[in-house]
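A short worksheet on the structure shown next.
The values are calculated or read from the model by the stated rules, or taken from the named source; none is laboratory data. These numbers were taken from a predicted model, which means no experiment stands behind them. We place every Cβ from the backbone using ideal geometry, glycine too, and count neighbours over all the protein chains shown. Protein only, heavy atoms only, side chains kept; ligands, DNA and RNA dropped before computing areas. Shrake-Rupley method; radii C 1.70, N 1.55, O 1.52, S 1.80 Å.
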Amino acid sequence: MPTPRPALAPDPPSLRTATRGRILFGGDYSPEQWPEQTWQEDVRLMKGAGVNSATVGVFAWSRIEPTPGAREFDWLDRLMDLLHGNGVSVVLATPTASPPPWMGRLHPETLPRDADGRTVWWGSRQHFSHSSAVYRRYATALTEDLAARYADHPALVMWHINNEYCTYDWGDESARAFRSWLRDRYTTLAALNEAWGTAFWSQHYSDWEEIIPPRRAQYLPNPTQVLDFKRFTSDALLRCYLAERDIVARHTPHLPVTTNFMPFWQGQDGWEWARHEDVVSVDSYPDPKPVEGSHAAGARHHALIADMTRSQAGGPWMLMEQAAGPVNWRGVNHPKPRGLNRLWSLQAVARGADAVCYFQWRQSRQGAEKFHSGMVSHAGEHGRVYQEVRELGAELARLAPEVTGQPVPAEVAVLHDWESWWAGQQDGRPSTEVDYPQVVAAWHRALWDAGLATDFAHPVSGDLAAYRMVVIPQLYLLRDEAIDRLVRYVEGGGTLVCGFHTGVADADDRVREGGMDHRLRELFGIRTVHEWWPLDAGETVDCGTFRGTLWSEELEPAGTAEVAVAYRTGELDGLPAVLRRGRAWYLGTLPEPDGLRGLLSRAAADAGVHPVVAGLPEGVEAVRRGPLLFLLNHTRQAVEFDVPGTHRDLLGGATHTGPVTLARYGVAVLREATT
Ligand code: GAL
């Protein structure tokens with residue numbers, strides 16, 4: 001008798017489960033803000049624009065549970081049916097980001113407190129303490145009922161838990177949870193005292209109950225307490241997510257679950273969170289204000305967010321929110337000129353997005369975001385914004401079969417870690433001018449300007465061997481494992497380019513002996529770090545081929561190191577600004593953009609890494625995704641340049657041999673023509 005073959009395990013839920021070959025296109029949809037006859041118009045306009053996805057319920061808690069324990073699902077039943085009947089899939093949100101007013105009134109302990117002890121009241125959103133058991137009870141009860149009710153609804157393709165988990169709480173609920181988190185981490189008070197260095201300023205703890213979140217204090221707080229509070233907060237928010245995730249996953253094990261990240265946000269350890277998501281999604285809002293006639297600045301920001309999200313996802317990712325026009329939270333909120341929404345949407349696709357969605361579908365007429373754009377603006381169906389959305393929907397539908405699921409190859413990785421950010425970006429350090437996200441953005445920009453495809457990776461869990469070149473913009477805190485891996489990476493033939501003030505602290509934010517870890521000093525050929533010489537705002541230091549900004553270091557090289565660039569002025573005149581030892585480079589300053597681009601291009605070329613397309617005009621981006629080559633013009637002028645080979649443009653339909661012309665904000669998606 002043949003042994004029966006085991007049934008094939010079903011694929012784990014992923015973005016592909018929801019896209020089903022489409023690029024998801026749609027946005028947050030808040031029907032609770034509109035009379036039902038508007039819903040009819042909504043679905044007509046959605047169909048007209050090729051919208052195939054609506055994220056529903058994000059802020060609908062008080063509509064579903066107007067009084068404690070009530071359930072009003074009828075409207076949502078009708079809505080889900082309506083969307084399904086019109087071919088629109090639903091990404092159903094648990095509405096737990098904005099509790100109804102009754103909760104704060106009946107259970108004031110659910111309200112978070114700021115570091116000054118002030119209550120964060122209802123009347124806006126996100127007024128919940130991540131550590132409140134009462135909040136958690138209401139949130140999970142509602143999630144349970146929502147999941148049970150819609151588990152089998154044919155419109156449902158994905159769950160969206162909460163919205164942009166981003167709150168801190170310094171109150172008593174949080175203090176209790178913080179203590180219990182610390183007990184798990186340290187087990188004994190002695191270990192905590194040691195890790196926090198409480199011998200300093202008489203901070204020794206003799207009882208767990210003495211420990212509080214880092215609330216307003218007379219002077220600088222204990223840095224390791226602050227670091228641990230940030231670790232704890234990310235974990236506490238993650239526990240909220242997991243509580244709801246587990247419920248929906250139990251009801252619909254075949255459907256993917258996500259929660260949307262704020263872009264490059266301090267409060268959540270994105271690497272850790274991404275491990276618990278089936279789909280990694282993000283909200284990206286680059287500023288559409290042009291700088292010197294170009295939108296390259298916005299494009300770089302968008303590219304950074306895309307690269308980080310794709311790297312967290314390990315593949316295709318979801319652009320959960322972007323704006324079709326202006327936002328309403330900058331000082332001056334610029335709209336998107338014609339073509340820019342398309343350009344940045346296709347840029348996201350080029351960099352791995354299989355879902356292009358917006359906040360929000362229809363612009364609100366009331367409430368705090370009535371001046372925030374929507375896919376249907378106040379101008380309505382005939383407005384330019386909706387008309388452009390329509391055109392984009394048709395293009396995305398055309399691209400979908402060619403692009404979804406395709407990888408974005410990269411040979412360079414940028415190392416980034418939240419805990420280093422948390423430890424490094426505190427008061428009481430050498431310079432408050434150093435802003436970690438800006439340093440990372442400067443390095444990513446240099447790679448973008450050099451046309452080099454880039455991933456992000458975690459210093460401990462990232463697969464460094466997959467890259468020919470690894471760069472570290474700045475990792476002030478590096479764990480021992482991370483340092484060992486870096487050394488092995490270079491020994492194994494990898495090229496490492498490392499920025500200033502890296503490897504200074506251990507996992508407890510204790511300064512390493514010598515001011516920089518000895519293994520790293522040896523790797524880069526640094527005998528001694530005598531002093532850090534941070535620069536004032538706007539100050540630069542002459543390094544011959546470029547000017548350094550933000551920082552400089554008094555480094556004494558070891559005999560084995562080559563001084564690739566030296567300071568040409570001031571106290572450090574003649575000392576190394578850039579040291580090189582074989583394939584390991586160390587930059588003691590942050591070069592101005594062209595200087596950094598030049599250095600990274602050189603290191604990349606030595607490592608055998610080349611731009612996606614060489615010799616592109618300034619502000620033009622080239623990205624490979626699977627068999628496709630995306631060319632994106634972020635400037636306001638038409639450009640022409642050569643692309644070797646013969647290609648068919650999937651958008652324009654033309655076949656190119658050699659020169660390609662892109663109109664302002666123009667995009668070409670080329671596939672090698674088979675003759
Ligand atoms: C996001 C948020 C949305 C909306 C949007 C406005 O941060 O998730 O609900 O507020 O910003 O840009």
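Out of all the residues in the range 543-579, which are closer than 21 Å to Val440 by Cα, open to solvent by less than 50 Å² (accessible area, probe 1.4 Å) and part of a strand (DSSP E or B)?
Listed by number, the residues that qualify are Gly548, Thr549, Glu553, Ala577, Val578, Leu579.
Go through (1) more than 16 Å from the ligand (Cβ to nearest atom); (2) out of contact with any Ser or Thr (no Cβ under 9 Å at 6 or more places or on another chain); (3) touching a residue at least 60 places away in the same chain (Cβ under 8 Å); (4) part of a loop (DSSP other than H, G, I, E, B) one by one and return the number of the condition Arg429 breaks.
(3)
Starting from the range 104-119, take each residue that is touching a residue at least 40 places away in the same chain (Cβ under 8 Å) and farther than 13 Å from Tyr168 by Cα and list its partners that are among the aliphatic types (A, V, I, L, M) and open to solvent by 40 Å² or more (accessible area, probe 1.4 Å), counting only C-beta distances under 9 angstrom and pairs at least six apart or across chains.
Close Cβ pairs satisfying both conditions: Glu109/Ala133.
Taking the range 328-339, which residues are within 16 Å of the ligand (Cβ to nearest atom) and touching a Pro at 6+ places or on another chain (Cβ under 8 Å)?
Narrowing the range 328-339 to residues within 16 Å of the ligand (Cβ to nearest atom): 328-336.
Asn333, His334, Pro335, Lys336, listed by residue number.
Could you please let me know if Gly325 is closer than 12 Å to Thr635 by Cα, in contact (Cβ under 8 Å) with a residue 60 or more places away in the chain, within 16 Å of the ligand (Cβ to nearest atom) and buried (at least 17 other Cβ atoms within 10 Å of the Cβ)?
Numbers: closer than 12 Å to Thr635 by Cα: no; in contact (Cβ under 8 Å) with a residue 60 or more places away in the chain: yes; within 16 Å of the ligand (Cβ to nearest atom): yes; buried (at least 17 other Cβ atoms within 10 Å of the Cβ): yes.
No, not satisfied.
For the range 143-159, check the following and say yes or no: at least one residue is within 22 Å of Pro213 (Cβ to Cβ), away from the ligand (no atom under 16 Å from the Cβ), modelled with pLDDT of 95 or more and out of contact with any strand residue (DSSP E or B) (no Cβ under 9 Å at 6 or more places or on another chain).
Start the filter on the range 143-159 by keeping residues that are within 22 Å of Pro213 (Cβ to Cβ), which leaves none.
No: zero hits.
Need a quick list: helices (runs of 4 or more DSSP H) entirely within the range 175-274 having at least 3 residues that are aliphatic (A, V, I, L, M) and at pLDDT 95 or above.
Values: elements: 189-196, 223-251, 270-274.
It comes to 189-196, 223-251.
Go through the range 357-394 and give me each residue that's within 16 Å of the ligand (Cβ to nearest atom), buried (at least 21 other Cβ atoms within 10 Å of the Cβ) and more than 18 Å from Met320 (Cα to Cα).
Matches in the range 357-394: Val385 only.
May I ask you to list the residues in the range 280-301 that are within 14 Å of the ligand (Cβ to nearest atom) and within 16 Å of Ala355 (Cα to Cα)?
If we filter the range 280-301 for residues that are within 14 Å of the ligand (Cβ to nearest atom), which is where we start, we get 281-288.
Scanning the range 280-301 gives Ser281, Val282, Asp283, Ser284, Tyr285.
Suppose the filter is open to solvent by 50 Å² or more (accessible area, probe 1.4 Å) and within 16 Å of the ligand (Cβ to nearest atom); does Trp265 pass it? Full working, then the answer.
Details: open to solvent by 50 Å² or more (accessible area, probe 1.4 Å): yes; within 16 Å of the ligand (Cβ to nearest atom): yes.
Considered against the rule, which asks whether it is open to solvent by 50 Å² or more (accessible area, probe 1.4 Å) and within 16 Å of the ligand (Cβ to nearest atom), Trp265 comes out as yes.
Please verify whether Tyr186 is out of contact with any strand residue (DSSP E or B) (no Cβ under 7 Å at 6 or more places or on another chain) and either among the hydroxyl-bearing types (Ser, Thr, Tyr) or within 28 Å of Gly87 (Cβ to Cβ) (or both), treating the condition exactly as stated. Reasoning before the result, please.
Values: out of contact with any strand residue (DSSP E or B) (no Cβ under 7 Å at 6 or more places or on another chain): yes; either among the hydroxyl-bearing types (Ser, Thr, Tyr) or within 28 Å of Gly87 (Cβ to Cβ) (or both): yes.
Answer is yes for this residue.
Quickly run through the range 432-463 and pick out the residues that are open to solvent by 10 Å² or more (accessible area, probe 1.4 Å), under 22 Å from Gly315 (Cβ atoms) and in a helix (DSSP H, G or I).
Trp448
What number of residues within the range 518-531 satisfy the criterion of being outside any strand (DSSP E or B) and surrounded by fewer than 20 Cβ atoms within 10 Å (Cβ to Cβ)? Give the steps one after another, and end with the answer.
Initial filter on the range 518-531 (outside any strand (DSSP E or B)): 518-525.
Checking the rest, the ones that are also surrounded by fewer than 20 Cβ atoms within 10 Å (Cβ to Cβ) come to 518-519, 522.
The qualifying residues number 3.
When Val257 is evaluated against the numbered criteria (1) more than 17 Å from Val280 (Cα to Cα); (2) of a type in the set (Val, Ile, Thr); (3) out of contact with any Leu (no Cβ under 9 Å at 6 or more places or on another chain), which criterion, by number, is the only one it fails?
(1)
Determine which member of the set Val51, Val58, Val43 is within 16 Å of the ligand (Cβ to nearest atom), open to solvent by less than 20 Å² (accessible area, probe 1.4 Å), of a type in the set (A, V, I, L, M) and not in a strand (DSSP E or B).
Details: Val51 fails: within 16 Å of the ligand (Cβ to nearest atom); Val43 fails: within 16 Å of the ligand (Cβ to nearest atom).
The match here is Val58.
Could you grab me the full set of residues in the range 283-313 that are part of a loop (DSSP other than H, G, I, E, B) and in contact (Cβ under 8 Å) with a residue 40 or more places away in the chain?
Applying the first criterion (part of a loop (DSSP other than H, G, I, E, B)) to the range 283-313 yields 284-290, 292-293, 295.
Across the range 283-313, the qualifying residues are Ser284, Tyr285, Pro286, Asp287, Pro288, Lys289, Pro290, Gly293, His295.
Scan Leu590, Leu600 and give me the residue that is modelled with pLDDT of 95 or more and open to solvent by less than 10 Å² (accessible area, probe 1.4 Å). Show your work before the answer.
Working: Leu590 fails: open to solvent by less than 10 Å² (accessible area, probe 1.4 Å).
It is Leu600.
Taking only pairs six or more apart or across chains, which ones have beta-carbon atoms under 9 Å, a first residue in the range 164-177 that is farther than 23 Å from Pro95 by Cβ and open to solvent by 30 Å² or more (accessible area, probe 1.4 Å), and a second residue that is of a type in the set (Asp, Glu) and more than 16 Å from the ligand (Cβ to nearest atom)?
Partner pairs satisfying both residue conditions: Trp170/Asp114; Trp170/Asp116; Asp172/Glu109.
Say whether the condition of being under 20 Å from Pro593 (Cα atoms), part of a strand (DSSP E or B), assigned by TED's automatic domain parsing to the domain that holds Asp480 and at pLDDT 95 or above is met by at least one residue in the range 498-517.
Checked the range 498-517: at least one residue is under 20 Å from Pro593 (Cα atoms), part of a strand (DSSP E or B), assigned by TED's automatic domain parsing to the domain that holds Asp480 and at pLDDT 95 or above.
Quick check on my filter: what residues within the range 170-182 are acidic (Asp, Glu) and either within 16 Å of the ligand (Cβ to nearest atom) or more than 30 Å from Ala148 (Cβ to Cβ) (or both)? Lay out the reasoning, then the answer.
Initially, the range 170-182 is screened for residues acidic (Asp, Glu), giving 172-173.
Asp172 - this is the single residue of the range 170-182 that is acidic (Asp, Glu) and either within 16 Å of the ligand (Cβ to nearest atom) or more than 30 Å from Ala148 (Cβ to Cβ) (or both).
When the residues of the range 464-486 are narrowed to those that are within 25 Å of Ala605 (Cα to Cα) and assigned to a loop (DSSP other than H, G, I, E, B), which ends up most open to solvent (accessible area, probe 1.4 Å)?
Arg468
Since Arg365 meets every condition but one in (1) assigned to a loop (DSSP other than H, G, I, E, B); (2) under 23 Å from Asn52 (Cβ atoms), which condition does it not meet?
Going through (1) assigned to a loop (DSSP other than H, G, I, E, B); (2) under 23 Å from Asn52 (Cβ atoms) one by one, Arg365 breaks only (2).
When you scan the range 222-259, how many residues do you find that are touching a residue at least 40 places away in the same chain (Cβ under 8 Å) and open to solvent by 50 Å² or more (accessible area, probe 1.4 Å)?
So the answer is 8.
Looking only at the range 311-318, decide whether some residue is surrounded by fewer than 24 Cβ atoms within 10 Å (Cβ to Cβ), within 16 Å of the ligand (Cβ to nearest atom) and among the hydrophobic types (A, V, I, L, M, F, W, C).
Checking the range 311-318: not a single residue is surrounded by fewer than 24 Cβ atoms within 10 Å (Cβ to Cβ), within 16 Å of the ligand (Cβ to nearest atom) and among the hydrophobic types (A, V, I, L, M, F, W, C).
Among the residues in the range 649-656, are any of a type in the set (D, E, K, R), open to solvent by 60 Å² or more (accessible area, probe 1.4 Å) and at pLDDT 95 or above? Break it down into steps so the answer makes sense when it comes.
From the range 649-656, those of a type in the set (D, E, K, R) are 649; that's our starting set.
Those left that are additionally open to solvent by 60 Å² or more (accessible area, probe 1.4 Å): none.
There is no residue in the range 649-656 that is of a type in the set (D, E, K, R), open to solvent by 60 Å² or more (accessible area, probe 1.4 Å) and at pLDDT 95 or above.
Could you list all residues from the range 613-645 that are open to solvent by 20 Å² or more (accessible area, probe 1.4 Å), out of contact with any strand residue (DSSP E or B) (no Cβ under 7 Å at 6 or more places or on another chain) and not in a loop (DSSP other than H, G, I, E, B)?
The answer is Arg624, Pro644.
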